[in-house]
Amino acid sequence: MITTWLRGMLRHRSGRLTATALGIALAVALVAALGSFLTASKATMTDRAVSSVAVDWQVQVQPGADPNAVLSTVKSTSGVHTADPVGFAKSTGFQATSGGGTQTTGPGVVLGLPTGYRADFPGEIRQLTGAATGVLVAQQTAANLHVAPGDTLTIGLPGTKPAPVRVAGVVDLPQADSLFQTVGAPAQSQPAAPPDNVVLLPQQTFNTLTAPVSAVDPTAVTQQIHVNRDAALPADPAAAFTSVTAAAHNLEARASGGAVVGDNLGAALDGARQDALYAQILFLFLGLPGAVLAALLTAAVAGAGADRRRREQALLRTRGLRPRQVAATAAAEAGCTGLVGGLLGLGLAAVVGRIAFGTASFGATTGAAVGWFVAAPLLGLLIAAAAVLLPALRDVRAGTVAQARRVVGRARSPWWMRYGVDFMLLAASLLVFRASSGNQYALVLAPEGVASISVSYWAFFGPALLWLGSALLLWRLATLALAHGRRPLAYLARPLTGTLAGTTAASMSRRRRPVARSIVLLALAISFAISTATFNSTYKQQAGVDAKLTNGADVTVTESPGVTVGPGAAGSLKVAGVKHVEPVQHRFAYVGADLQDLYGVRPGSIASATALQDAYFSGGTAGGLMAKLAAKPDSVLVSEETVKDFQLSPGDTLNLRLQDSRTKALKTVPFHYAGIVKEFPTAPKDSFFVANADYVAKATGNSAIGAFLIDTGGSHTGAVANTLRHQLGTSATVTDLGQASSSVGSSLTAVDLAGLTRIELAFAVLLAAAAGGIVLALGLAERRRTFAITTVLGATGRQLRGLVLSEAAVTTVGGLAGGALIGWALSKMLIKVLTGVFDPPPAVIAVPWPYLALTLGAAAVSITAAALNSTRRSSRPPVEELREL
């Protein structure tokens, strides 16, 4: 019986079964694709975190411990690949004589490196000039002392006479912050900056020079063991962080207090696990609605033939089938569509992965991809059971044809419309949104150094309730408009249907629920596309803003300490490809006992080299505050924290102490508080000042420039940066946007969002087309009998085409309008709730108009194709149509 039933369904209801399977396929493909890609992205984050670390562990040998015993313990630790001892010695200063003058630095650090250290840890030292072995000098130290390879410098050490050495090369230390960390100290106790003066010595030379020092001051010479690990790590950053942290604690326990581990690898994974959690949040915020929408689409497709299914089941009951047998036929239909849809979905996901990422697994490991490709079809079966089996089981209770007709004829309003659930959901959404987007709200809480991280899942309820409440409200409005708007509907349909306009309006009014369902599904698909695309475009926009805010401009030239240049040096930087060079002063100023950065700018031209957004300021726009600095040169922009600490009001006098270039003493310079600056190019994230450069130069007698912001028009930044590096040598540091993006962009920015965008936006177009066309086509297909009867009663082919096109037009206009409103509201809410993803927060929302036009076009084409196909079918001879039905 089941086989016979399925053959009959495939022969006579193949269109409906195919549409149901396609809806399930979309949900399965989306979940399989997003899940596999999320897993692959987490693994990529782990790999990026590991590759970003030059030295995995810095094991500090504790006072009184035997360095050789600690080294032996480290080497015997599971997972340790390389372990090199490194000496650290405090220097009283360095001195060099060149060009007839003597330069002296303050205290510094001397490192003793074993042979092969640079090969074992290639990312720790970058060669700039000279030899790669021997005595090496850090770039900034070379600039301070004006030394080059071949020159002699003198190292001052406590308790012994200065030692002269010959410089072999000049190097850069890319990871100086971690190299010179205080191992074992909490994050807030770490040095604010690495030492300015560093000399690297071969280990034997280091031991010879520092041997007398240990006897005088044992704390002046310490030893670390630098470690690289090769132990396999879990793909998930959080699990990898836990594994590495546990291994570090195990080593400390085995060393019995003789060593403390500086876990650089754990610190990198600590940041990656937060990025991974944000990726998971984006998966839920942006991907889950697509899967839910595909499930709703499947339910709508299956529901399009609900009336026919009720009549068929009632007839089966009258012919002697028991309820269990009737339920078995429904289960067979659900299982068949669920299985076929699941297989189609897996095939679609594999094709998407192959086209977009070059691999069907989306870059995930085979095991992870198989896990998602097994779980996704199970979801397809659940959707089929919910969309096909459960309604059929409910209809089995109808029992007879007469009861089925009574069920079909019911027009009672849904319970949620009677009790105003849609309004309650919208009100709840606004309350949750206000709570989850307020000041100091953190969506992800990841305490530094703590293995566990938490997410405030309450934030999910705001967009979810808005999406659901808006859909229900749109349903209410659509059904009310169709029920009570017959006269306007008839007026609008008259150009298409002529004298059949009243009948067309009455038909849509009577079928208001199926029509409203089509409108809501189309609106949800459009809103999904709008909110996803807008969020992704805004994120991409802010990633560029963040990089430019950190670097300052397309290319930034920062003068090395000890090198003094004036604004006139800007002319020498105008190489090929440079449009504008903007000098910026960088000083330090005391406000009370607090030392802060001060940036002197030219208000009239600063915006020519870098983007200044209104979001960077408070108390005025970017243009208005720059104009104020120009009109009143003694104005100053202050951080919000300083305004609160010193209870400042606009116009208040703020006395800052700056170094006078003539006396070298601190000089009090009066400023007037003009506004708040939250962010500024090249400035730190904490407290700082922005002032008029001319006023600062006049008050201090010093016009020295700290950095030059270079505008290249957004093109050829790498080539310009390389030209300037070759031209300036070691006298300045040249950075470009590419470097800034790689250093400040999280693994989420660089990896996940681009892939997430490609997957989601492709499926959003498919869902919009399916919601607009398939549901309408099936609804019209179920009315072929009505069209045939209308033809028999005298309706012309033109009138029938007008009836179909009128319903398609109502669906299109209602769905697109509702989708645009819901999508706009969702976009605003998503960007506000996910503020933690953006740094800085966006001043404007980026709208991807070309993509939205493509999505709307796909929906419109799908609806038009469905309507035209229905009009073609309605032109068949009515006798033939009624015979088939």
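The values are calculated or read from the model by the stated rules, or taken from the named source; none is laboratory data. It should be emphasised that the depicted structure is a prediction, and the values quoted were computed from it without experimental measurement. No Cβ is skipped: glycine too gets one built from the backbone with ideal geometry, and neighbour counts run over all protein chains shown. Surface accessibility is based on the protein's heavy atoms, side chains included, excluding ligands, DNA and RNA. Shrake-Rupley method; radii C 1.70, N 1.55, O 1.52, S 1.80 Å.
Here are the numbers for this structure:
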read-out	value
Single match in Ser91, Ser98, Ser76, Ser51 (criterion: without any contact (Cβ under 8 Å) to a residue 40 or more places away in the chain, among the hydroxyl-bearing types (Ser, Thr, Tyr) and over 30 Å from Ala369 (Cβ atoms))	Ser76
Hits in region 311-340 - residues which are without any contact (Cβ under 8 Å) to a residue 24 or more places away in the chain and either in contact with a Lys or Arg (Cβ under 6 Å, 6 or more places away or on another chain) or open to solvent by 60 Å² or more (accessible area, probe 1.4 Å) (or both)	Arg319, Arg322, Arg324
Any pair with Cβ under 6 angstrom, 6 or more apart, that starts in region 802-813 at a residue that is free of Cβ contacts under 8 Å to residues at least 60 places away in the same chain and ends at one that is part of a helix (DSSP H, G or I) and surrounded by fewer than 23 Cβ atoms within 10 Å (Cβ to Cβ)	none
Of the criteria (1) touching a residue at least 60 places away in the same chain (Cβ under 8 Å); (2) open to solvent by 20 Å² or more (accessible area, probe 1.4 Å), which one Ala211 fails	(1)
Residue match in region 69-81 (condition: in a strand (DSSP E or B), closer than 26 Å to Ala238 by Cα and either open to solvent by 10 Å² or more (accessible area, probe 1.4 Å) or touching a helix residue (DSSP H, G or I) at 6+ places or on another chain (Cβ under 9 Å) (or both))	yes
Any hit, region 267-281, residues being of a type outside the set (Lys, Arg), under 30 Å from Thr160 (Cβ atoms), open to solvent by 50 Å² or more (accessible area, probe 1.4 Å) and in contact (Cβ under 8 Å) with a residue 12 or more places away in the chain	no
Residues of region 646-666 satisfying the condition of being open to solvent by 70 Å² or more (accessible area, probe 1.4 Å), charged (D, E, K, R) and at pLDDT below 90	Arg662, Lys664
Any chance Thr723 is touching a Ser or Thr at 6+ places or on another chain (Cβ under 6 Å), among the hydroxyl-bearing types (Ser, Thr, Tyr) and on the phi < 0 side of the Ramachandran plot	no
Residues of region 91-135 satisfying the condition of being of a type outside the set (S, T, N, Q), in contact with a Phe, Trp or Tyr (Cβ under 9 Å, 6 or more places away or on another chain) and outside any loop (DSSP other than H, G, I, E, B)	Gly108, Val109, Val110, Leu111, Gly112, Leu113
Ala481 being open to solvent by 10 Å² or more (accessible area, probe 1.4 Å) and either part of a helix (DSSP H, G or I) or in contact with a helix residue (DSSP H, G or I) (Cβ under 7 Å, 6 or more places away or on another chain) (or both)	yes
From the options Pro463, Pro447, residue that is modelled with pLDDT of 80 or more and either open to solvent by less than 40 Å² (accessible area, probe 1.4 Å) or under 30 Å from Ala272 (Cβ atoms) (or both)	Pro463
Count of residues meeting criterion [in contact with a helix residue (DSSP H, G or I) (Cβ under 7 Å, 6 or more places away or on another chain) and closer than 24 Å to Asp66 by Cβ] in region 179-200	1
Residue check, Asp196 in a helix (DSSP H, G or I) and under 30 Å from Thr730 (Cα atoms)	no
Criterion (assigned to a helix (DSSP H, G or I) and of a type outside the set (Asp, Glu)) met by exactly one of Val636, Val643	Val643
Region 624-636 residues that are among the hydrophobic types (A, V, I, L, M, F, W, C), paired with ones that are open to solvent by 60 Å² or more (accessible area, probe 1.4 Å) and assigned to a helix (DSSP H, G or I) (beta carbon under 7 Å, 6 or more apart)	Met626/Ala607
Count - residues of region 851-867 that are in contact (Cβ under 8 Å) with a residue 60 or more places away in the chain and open to solvent by less than 60 Å² (accessible area, probe 1.4 Å)	11
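Per-residue answers, yes or no, for (1) surrounded by fewer than 24 Cβ atoms within 10 Å (Cβ to Cβ); (2) more than 19 Å from the chain's Cα centre (by Cα):
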position: Ala33; (1), (2): no, no
position: Phe37; (1), (2): no, no
position: Thr44; (1), (2): yes, no
position: Arg48; (1), (2): yes, no
position: Gln58; (1), (2): yes, yes
position: Gln62; (1), (2): yes, yes
position: Pro67; (1), (2): yes, yes
